[in-house]
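The values are calculated or read from the model by the stated rules, or taken from the named source; none is laboratory data. The shown structure was predicted, so the numbers you read here are calculated from the model rather than taken from an experiment. Reconstructed Cβ throughout: ideal geometry from the backbone, glycine too, with neighbour counts over all protein chains shown.
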Amino acid sequence: MSTETPAEIDRVLLSEEQLKQRVSEMAAQVNADYAGEDLLLVGVLKGAMMIMADLSRELDGSVEIDWMAVSSYGAGNTSSGVVRILKDLDTNLDGRHVLIVEDVLDSGLTLRWLVRSLQARQPASLEILTLLRKPEAVRNKVDVRYVGFDIENDFVVGYGMDHNQHYRNLRYIGALKPL
Ligand code: IMP
Ligand code: MG
């Protein structure tokens with residue numbers, strides 16, 4: 001198999017090793033914070049597939065995993081602020097300790113909406129873990145418990161994240177060449 005980076009990728013932002021290392025560190029924090037608790041991980045499809053797979057395998061004991069699919073983007077790469085549930089959870093959140101697992105916070109609008117929507121279902125606790133966070137989410141003061149990496153305002157792909165449904169399978173995270 002070719003190990004070359006595709007032509008549309010400008011540069012590797014985070015290597016497979018860097019991701020593995022940081023995900024382990026975040027898992028250790030989650031293990032410490034939720035020791036003895038029943039934890040429900042809620043992944044946001046499809047971007048969170050890799051972080052969910054790698055994080056959950058480093059967690060102690062048994063955790064439950066459920067998924068939501070939401071659509072926040074209209075055409076192009078900018079958040080519309082309008083969120084639609086494409087697939088809802090199968091799990092009742094009442095009294096549960098819930099940790100939302102996200103790939104990247106850009107504007108944070110999707111997450112802000114998601115938190116409000118899930119909070120209404122009366123979980124015992126509701127926190128957010130995101131692998132990546134961009135500057136706008138910091139400016140918008142989105143309240144996140146665990147952040148993997150703060151990155152610049154690049155459009156990134158790989159490790160679950162896509163551009164027009166491509167590149168999710170990359171083992172690293174790369175910045176796309178300016179479109
Ligand atoms: P937000 O609502 O602006 O925070 O964007 C939320 C979602 O947009 C993220 O969970 C991603 O699925 C997607 N997204 C934002 N930035 C990127 C990117 O750089 N690459 C791939 N997907 C992105
Ligand atoms: Mg996402």
- Filtering segment 77-97 down to residues that are more than 18 Å from Met161 (Cα to Cα) and in contact with an Asp or Glu (Cβ under 8 Å, 6 or more places away or on another chain), which residue is surrounded by the fewest Cβ atoms within 10 Å (Cβ to Cβ)? Asp90
- Query: Residues of segment 98-126 being buried (at least 19 other Cβ atoms within 10 Å of the Cβ) and assigned to a strand (DSSP E or B), which ones?
  - Reply: Val98, Leu99, Ile100, Val101, Glu102, Asp103, Val104, Leu105, Leu126
- Message: So, in segment 39-61, exactly how many residues are exposed (fewer than 15 other Cβ atoms within 10 Å of the Cβ), out of contact with any helix residue (DSSP H, G or I) (no Cβ under 6 Å at 6 or more places or on another chain), farther than 16 Å from Met161 by Cα and modelled with pLDDT of 95 or more?
- Response: 1
- Scanning segment 29-53 residue by residue, those assigned to a helix (DSSP H, G or I) and either of a type in the set (S, T, N, Q) or within 13 Å of Leu129 (Cα to Cα) (or both) turn out to be Gln29, Val30, Asn31, Asp33, Ile51, Met52
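With the structure loaded, tell me whether Ile85 is more than 12 Å from ligand 1 (Cβ to nearest atom), outside any loop (DSSP other than H, G, I, E, B), of a type in the set (A, V, I, L, M) and farther than 15 Å from Leu13 by Cβ or whether it fails that test. Steps first, please.
On the way: more than 12 Å from ligand 1 (Cβ to nearest atom): yes; outside any loop (DSSP other than H, G, I, E, B): yes; of a type in the set (A, V, I, L, M): yes; farther than 15 Å from Leu13 by Cβ: yes.
When the stated conditions are applied, Ile85 passes them.
Give me the residue from segment 38-68 that is among the hydrophobic types (A, V, I, L, M, F, W, C) and more than 12 Å from the chain's Cα centre (by Cα) and, out of that set, nearest to ligand 1 (Cβ to nearest atom).
Quick first cut of segment 38-68, residues among the hydrophobic types (A, V, I, L, M, F, W, C) only: 39-42, 44-45, 48-53, 55, 59, 63, 65, 67-68.
Applying the additional criterion that residues be more than 12 Å from the chain's Cα centre (by Cα) yields 39-40, 59, 63, 65.
Numbers: Leu39: 21, Leu40: 19, Leu59: 21, Val63: 21, Ile65: 17 Å.
Step by step, filter segment 38-68, then rank; the result is Ile65.
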- Pair list, Cβ under 8 Å, 6 or more apart: segment 141-170 residue of a type in the set (Ser, Thr, Tyr), other residue at pLDDT below 95 and outside any loop (DSSP other than H, G, I, E, B): Tyr167/Ile9
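Does Val142 count as among the β-branched types (Val, Ile, Thr) and modelled with pLDDT of 95 or more? Explain how you work it out, then say what you get.
Details: among the β-branched types (Val, Ile, Thr): yes; modelled with pLDDT of 95 or more: no.
In short, no.
Being among the aromatic types (Phe, Trp, Tyr) and assigned to a loop (DSSP other than H, G, I, E, B) is the filter; apply it to segment 127-171 and report the residue that is nearest to ligand 1 (Cβ to nearest atom). If you could, list the steps in order and put the result at the bottom.
Taking segment 127-171 and keeping what is among the aromatic types (Phe, Trp, Tyr), we get 146, 149, 155, 159, 167.
With assigned to a loop (DSSP other than H, G, I, E, B) added as a condition, the list becomes 155, 159, 167.
Numbers: Phe155: 4, Tyr159: 10, Tyr167: 9 Å.
Taking the candidates together, the pick is Phe155.
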